[in-house]
Amino acid sequence: MSGRTLRLPGSVAEIEAAPRGRRVAACFDLDGTLIAGYSIRYLGQERLRNRELNLSELARTVAVAVGAGLGRADFEDLLKVGAEAWKGRVHEDLEEMGQRVFQRKIEPLIYPEVRELVRAHQRQGHAVVLSSSATSYQVEPVARYLGIEHVLCNRFTVKDGVLTGEVERPVLWGKGKADAVQQFASDLHVDLGQTYFYADGDEDLALMYLVGHPRPVNPGKRLAKVAANRGWPVLRFTSRGAGGLGSTVKNVAGMASLVPLLAFGAAKAVVKRDKRVAINTITKHWIDFTFALNGVKLNVVGRENVWKQRPAVFIFNHRNNFDAFMAARLVERDFTGVAKKELEKNLMMGPLGKLADVAFIDRADSASAVASLHPIEELAKKGISIMVAPEGTRLDTTEVGQFKKGAFRMAMAAGIPIVPIVIRNAELVAARDAAAVNPGTVDMAVLPPISVADWTLDDLEPRIEGVRQLFIDTLRNWPDSPTRA
């Protein structure tokens, strides 16, 4: 039995083996559990940007926080500060602000590993609950995005659509959160003995003691100690939250490595009188260095299919800013690609793309996009492979988007095969729009070349859908025997 099918505590396989139905509940905390970091930080940033946070409120918040540390105040006092600051605000306006902050800042912080646990519980028909001490303005946008039906959180009192400056009782914190979940379980006839609780905070111990399946996620010091003593499985995730000085240093080092590689590649190109030698040298060594620096590893199945027929049109499913480099590392040499027009102005990707004869296309202008592909087709006829993401845009999901026709038309025009590169979990190392990458292992499968010799424009759409289905089938039933890159 492979590691991916073991029913380890805290795994999707464990959930899939659990009893089905709403007698089982799964409670998820928000900050530090579903997302990396704390949502209040981004709510505060939004208020600062809108000049809504004054010095008086800031001073009171600091004073209460210090008092809490000295045992003279508690979490409820912090909530009161926020409620009083928003007294008189329109509830609907604050809901819109919460949704805006979620879309801009919070969504990329959702741990994909925890998202898969949520989905596994939903597939089992469990009563999934987002139980958090944060406010509804932080919690409800996350619940909507993940399709979580039940929300237990702190709320500010609203009268006639306007906040009154009061906090609804009871306050959910520590024992208060445990009491709220107990009441929820009673109302829905949930069996707490079969219930799962995922959380990171020491204050969540009260609820951990109540459920049959406590699952500390990135736990605090005290919670981790109790978990060790009681044998609770601890889940630790690092796929989100890259940033700070460490990431900046790595980014600078990665960029700096391009300088000697450009010089080395240029020297080889002069000797060989072929600019492709420079491109091949730069691509391979720079990607290797950057991934090694950031702890990114590739598990590859079907690597031999990369070389069975060259040139080819290599297509890959698009998840983030780094999966194109993963695919490029496999294709390795003698290739060009297609990228969106906006990247042509990027200080790094623009010059490198032009050196590699990349076609920068304007997706909003179909006629212009088609014309931009003609030089690529001519290169393919001369032995240069093409790399394309046929979905056309990044999708931070486990699904496969609709394929556009461009890649397949180029294969037909050049008379070369299609080679699918299926990427399973690139979201584990970076979110959709992330500028930094986290350590992790990404699974990749290279499928056998697909001939387009007998394809016609009349049957193009079903042919493309057939290739897309190969991606879907491969993601559902992953092949064995990976090799490490």
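Which ones in region 187-205 are in contact with a helix residue (DSSP H, G or I) (Cβ under 9 Å, 6 or more places away or on another chain), part of a helix (DSSP H, G or I) and open to solvent by 40 Å² or more (accessible area, probe 1.4 Å)?
Selection gives ASP202, GLU203.
Pick from LYS250, LYS275, LYS268: which is under 30 Å from the mean Cα position of the chain (by Cα) and at pLDDT below 95?
On the way: LYS275 fails: under 30 Å from the mean Cα position of the chain (by Cα); LYS268 fails: under 30 Å from the mean Cα position of the chain (by Cα).
Result: LYS250 is the single residue among LYS250, LYS275, LYS268 that is under 30 Å from the mean Cα position of the chain (by Cα) and at pLDDT below 95.
When residues of region 373-396 are filtered for being out of contact with any His (no Cβ under 9 Å at 6 or more places or on another chain) and either at pLDDT below 65 or crowded, with 18+ Cβ neighbours inside 10 Å (or both), how many remain? Lay out the reasoning, then the answer.
Filtering region 373-396 down to residues out of contact with any His (no Cβ under 9 Å at 6 or more places or on another chain) leaves 373-388, 396.
Remaining after also requiring either at pLDDT below 65 or crowded, with 18+ Cβ neighbours inside 10 Å (or both): 373, 376-377, 379-380, 384-388, 396.
Count: 11.
Failed condition for LYS177, given (1) more than 24 Å from LEU428 (Cα to Cα); (2) open to solvent by 10 Å² or more (accessible area, probe 1.4 Å); (3) at pLDDT below 95; (4) not in a loop (DSSP other than H, G, I, E, B), with all others met?
All conditions pass for LYS177, except number (2).
Does at least one position in region 164-172 carry a residue that is open to solvent by 10 Å² or more (accessible area, probe 1.4 Å), touching a Pro at 6+ places or on another chain (Cβ under 7 Å), assigned to a loop (DSSP other than H, G, I, E, B) and closer than 30 Å to LYS225 by Cβ?
There is no residue in region 164-172 that is open to solvent by 10 Å² or more (accessible area, probe 1.4 Å), touching a Pro at 6+ places or on another chain (Cβ under 7 Å), assigned to a loop (DSSP other than H, G, I, E, B) and closer than 30 Å to LYS225 by Cβ.
Return yes when LEU117 is closer than 29 Å to ASP191 by Cβ and open to solvent by less than 30 Å² (accessible area, probe 1.4 Å) and no when it is not.
On the way: closer than 29 Å to ASP191 by Cβ: yes; open to solvent by less than 30 Å² (accessible area, probe 1.4 Å): yes.
The answer is yes for LEU117.
If you check PHE184 against the conditions, is it farther than 21 Å from PRO219 by Cβ, under 21 Å from the mean Cα position of the chain (by Cα) and not polar (S, T, N, Q)?
Answer is no for this residue.
Report, by residue number, each residue of region 421-480 that is in a loop (DSSP other than H, G, I, E, B), out of contact with any Ser or Thr (no Cβ under 7 Å at 6 or more places or on another chain), of a type in the set (Val, Ile, Thr) and in contact (Cβ under 8 Å) with a residue 40 or more places away in the chain.
Listed by number, the residues that qualify are VAL437, VAL452.
Could you tell me whether any residue of region 53-65 is at pLDDT 90 or above and part of a loop (DSSP other than H, G, I, E, B)?
No; the residues of region 53-65 include none that is at pLDDT 90 or above and part of a loop (DSSP other than H, G, I, E, B).
Please work out if GLU92 is surrounded by fewer than 17 Cβ atoms within 10 Å (Cβ to Cβ) and either at pLDDT below 95 or over 30 Å from GLY440 (Cα atoms) (or both).
Judged against the criteria, GLU92 is a match.
Tell me which of these VAL217 doesn't satisfy, since it passes every other one: (1) at pLDDT below 85; (2) touching a helix residue (DSSP H, G or I) at 6+ places or on another chain (Cβ under 9 Å).
(1)
Return only the number of the condition from (1) under 28 Å from the mean Cα position of the chain (by Cα); (2) at pLDDT below 85; (3) open to solvent by 20 Å² or more (accessible area, probe 1.4 Å) that GLY406 does not satisfy.
Only one criterion in (1) under 28 Å from the mean Cα position of the chain (by Cα); (2) at pLDDT below 85; (3) open to solvent by 20 Å² or more (accessible area, probe 1.4 Å) is unmet by GLY406, namely (2).
Quickly run through region 209-226 and pick out the residues that are more than 16 Å from GLY193 (Cα to Cα), buried (at least 20 other Cβ atoms within 10 Å of the Cβ) and either over 26 Å from the mean Cα position of the chain (by Cα) or basic (Lys, Arg) (or both).
Hit for region 209-226 is LEU223, nothing else.
Return the pair list, or none, for Cβ contacts closer than 7 Å from residues in region 104-116 that are closer than 16 Å to PRO216 by Cα to residues that are small (Gly, Ala, Ser), at least 6 apart or on different chains.
Listed by first residue and then by second, the contacts come to TYR111/ALA36; TYR111/SER239; GLU113/SER239.
For TRP86, work out the one condition from (1) modelled with pLDDT of 90 or more; (2) closer than 20 Å to ASP160 by Cα it doesn't fulfil.
It fails just one condition, (1).
Name every residue in region 289-326 that is in contact with a Gly (Cβ under 9 Å, 6 or more places away or on another chain), crowded, with 22+ Cβ neighbours inside 10 Å and either without any contact (Cβ under 8 Å) to a residue 40 or more places away in the chain or under 13 Å from ASP443 (Cα atoms) (or both), in order of residue number.
Across region 289-326, the qualifying residues are VAL296, ASN317.
The values are calculated or read from the model by the stated rules, or taken from the named source; none is laboratory data. Just so you know, these numbers come straight off a predicted model, no measurement behind them. Every residue, glycine as well, gets a Cβ built from its backbone with ideal geometry; the counts of neighbours run over all protein chains shown. Just so you know, the surface numbers come from the protein's heavy atoms only, side chains and all, with ligands and any DNA or RNA stripped out. Shrake-Rupley method; radii C 1.70, N 1.55, O 1.52, S 1.80 Å.
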